[in-house]
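Down below is the structure, laid out as structure tokens.
Bear in mind these aren't lab numbers, they're just calculated from the coordinates by the rules spelled out. Computed from a predicted structure; not experimentally measured. Cβ: placed from backbone, ideal geometry, glycine included. Neighbour counts: every protein chain shown.
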Amino acid sequence: MVQSINMAGLRTMWTLLTQPSLLRPDIVVSDIRSLSLDKLRQRGIRFLVFDKDNCLTAPYVSTIHPPYSSAWSSCLKEFPNRVLIVSNSAGTRDDPEYRSARAVEHALGARVLRHSEKKPRCGQEILQALQALPEEVAVVGDRLATDVVLANMHGMTSVWVQNIVSRRGDNLVAAALRDAEHAAFRMATRLGL
């Protein structure tokens, strides 16, 4: 699948210049195996939204990254019918006839959002699909400028996954931006920001 330019992300860059705190995650985990579902429930979280590529699967792959199988099963079991996958590839206009979305739903056992706006601008589409309040939703993903900003812009809990599944097959632009995000996060942490 070929991804088009993320115009929603580009439009959001202007917002980030004046509100850089939108890049700050509420929770940082190494990968989904480190996600404490109990702590999320204690925060009032009733719905989980996951990025797909490099959070659950290798880039543009439909199946769960094998080491994450048990953690993923726990998410589905402990949040039955309340897990949504939101990708900037599967489920977007870049996904002809939503073939990738259907393949991901079949392989992962969770619904993939069909959305017109890419992350980070699809928050209202997520809330509408889940019939949820923002404070009931946690967004889990590997990108600060898309996943974390999406959650923070819309009043949801942001969970940043630091370790990606694989660089192999990744979108080169997304990979370069992710590297820059990691460097900026490390610098901000060192500076105590």
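Overview of results
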| item | result |
| --- | --- |
| Segment 161-192 and segment 33-70: distance between their alpha carbon centers, rounded to Å | 18 |
| Loop trypsin sites (Lys or Arg not before Pro), segment 131-193, which have at most 14 other Cβ atoms in a 10 Å radius of their Cβ (DSSP) | Arg167, Arg168 |
| Relative frequency of Cα-Cα separations exceeding 22 Å in segment 54-141, percent | 22 |
| Size of segment 135-193 as Cα extents on the principal axes (Å, biggest first) | 35, 30, 16 |
| Long pairs among Lys39/Lys118; Lys77/Lys118; Lys52/Lys119; Lys52/Lys118, criterion Cα-Cα beyond 20 Å | Lys39/Lys118; Lys77/Lys118 |
| Extension gain (nm, one decimal) between Glu97 and Val28, 0.36 nm per residue minus Cα-Cα | 21.4 nm |
| In nm, spacing of pseudo-spin labels at Ala184 and Ser69 (7 Å Cα→C-beta vector) | 3.8 |
| Mean separation of Cα contacts under 8 Å (6+ apart) over length of the chain, as relative contact order % | 29 |
| For the chain, fraction of C-alpha pairs farther apart than 24 Å, in % | 32 |
